[in-house]
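Trainee: I am attaching a structure below and will ask some questions about it afterwards.
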Amino acid sequence: MKPLIGITGNIRQDKETNHNISWRYSYSLHDFSQLVYQAGGIPVTLPLLDDGIAGEMIEKLDGLILSGGEDIHPLLYQQEPQTKLGPLNLRRDQFELSLLKQALEQDKAILGICRGIQLINVYFGGSLYQDLQSLEPSYLQHRQQSDLSQAHHHVQIQKDSYLAQLLPDIIKVNSYHHQAIHHLAKSLTATAYSPDGLVEAVEYLDKDHSLLAVQWHPEIQAQGDPEQFKLFTDLVERSKK
Ligand code: MN
């Protein structure tokens, strides 16, 4: 049977031109739905509701994609907001932390993307750099200004990792983040690094956990890159277990 994969959604408010009406839409990136479908799963967007429904939502699903988006509220990792912090969405943070908790408790397959890897690290007690450009100038440019279908920097994948079974040792990835993992949570294993030493992938895979997360955006690269597409076929396979 095809596994059902939930994609965390967000809310967008659009004002109708010439009318004083605004509409609120639930949405997720279409690329995720397209790739889950191509990989043999059934995609579904999870509307941003409240914590009370997270457990029942996850019960219906086989897998979960934690998608990209706003910065995570620094109070969730015991820091005060610094000046270069981006837009926040505390309601989304709380809902996604509940979804993640439920997905872990119910042994569902998880794939975190960009904000997703950061949320996972915060959930397990790690912290984030609030703004990479405020750090030493030796850091690479991690928020590229070119098309995200083009790779931007290298990452080196750790040889003994699960990720290394899917991807070659060194790959080129796109990069569209201004935050990153600072202190890595103890439960997680870092499995890929950029040349400036930032964590670009983590995993937590044992008999009770099936979690993989990356800092780049494979959903944009995967359309033209069979290697990146493997992250989605892998999620679908893990969701069947
Ligand atoms: Mn990067």
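What follows draws every value from the coordinates through simple rules; no lab data is involved. Being a predicted model, the structure only gives us computed values, none of them experimental. Reconstructed Cβ throughout: ideal geometry from the backbone, glycine too, with neighbour counts over all protein chains shown.
Trainee: Please rank Ser33, Ser26, fewest neighbouring Cβ atoms within 10 Å first, as an exposure proxy.
Mentor: Listed from fewest to most nearby Cβ atoms, that is Ser26, Ser33.
Trainee: If you plug each phi of the stretch 183-200 into the Karplus form 6.51 cos²θ - 1.76 cosθ + 1.60 with θ = phi - 60°, what whole-Hz ³J(HN,Hα) values come out, in order, with x for Gly and Pro?
Mentor: Per-residue couplings from phi come out as 7, 7, 4, 4, 5, 9, 10, 6, 10, 8, 10, 7, x, 8, x, 6, 6, 10 Hz.
Trainee: Here is a further query. Can you give me the orientation-averaged projected area of the convex hull built on the Cα atoms of the stretch 1-117, in nm²?
Mentor: Over all viewing directions, the stretch 1-117 projects a mean Cα-hull area of 9.4 nm².
Trainee: Please find the FRET efficiency linking Gln158 to His19, where r is the Cβ-Cβ separation and R0 is fixed at 51 Å, and quote it to the nearest 0.05.
Mentor: Computed FRET efficiency for Gln158 and His19: 0.40.
Trainee: Taking 0.36 nm per intervening residue step and subtracting the Cα-Cα distance, what contour gain separates Gln78 from Glu59 on full extension?
Mentor: Gain on extension, Gln78 to Glu59, equals 3.8 nm.
Trainee: Can I ask one more? Given a cut-off of 29 Å, name the pairs among Lys84/Lys159; Lys207/Lys230; Lys186/Lys230; Lys159/Lys230; Lys15/Lys101; Lys2/Lys172 whose C-alpha atoms lie farther apart than that in the structure shown.
Mentor: Beyond 29 Å between Cα atoms: Lys84/Lys159; Lys15/Lys101; Lys2/Lys172.
Trainee: How do Arg12, Arg115, Arg91, Arg238 line up, fewest other C-beta atoms within 10 Å first?
Mentor: Arg12, Arg91, Arg238, Arg115
Trainee: Quick one: order Ser149, Ser210, Ser98 by neighbouring beta-carbon count within 10 Å, fewest to most.
Mentor: Least to most surrounded, the residues fall as Ser149, Ser98, Ser210.
Trainee: From Cα coordinates alone, what are the radius of gyration and Dmax values for the stretch 34-74 in angstrom?
Mentor: 12.5, 37
Trainee: What number in nm² do you get for the chain if you take the convex hull of its Cα atoms and divide its surface by four?
Mentor: 14.1 nm²
Trainee: Report the net charge of residues surrounding Thr191, where surrounding means a beta-carbon distance below 12 angstrom and charges are Lys +1, Arg +1, Asp -1, Glu -1.
Mentor: -3
Trainee: Shifting gears a bit: If you restrict to DSSP beta bridges whose two residues both lie in the chain, what percentage is antiparallel, to the nearest 5?
Mentor: Around 60 percent antiparallel, to the nearest 5.
Trainee: So for the stretch 173-241, Kirkwood radius off the Cα pairs, Stokes-Einstein at 25 °C and 0.890 mPa s: how many µm² s⁻¹?
Mentor: 185 µm²/s
Trainee: Okay, next question. So what's the net charge close to Gln130: Lys and Arg +1, Asp and Glu -1, counting the other residues with Cβ under 11 Å from its Cβ?
Mentor: -2
Trainee: Dividing the alpha-carbon radius of gyration of the stretch 100-241 by 2.2 N^0.38 Å (N being the number of residues), what value is obtained?
Mentor: In units of the 2.2 N^0.38 Å rule of thumb, it is 1.00.
Trainee: Can you compute log10 of I(q)/I(0) for the stretch 106-157 with the Debye formula, treating each Cα as one identical point scatterer, at q = 0.15 Å⁻¹?
Mentor: -0.63
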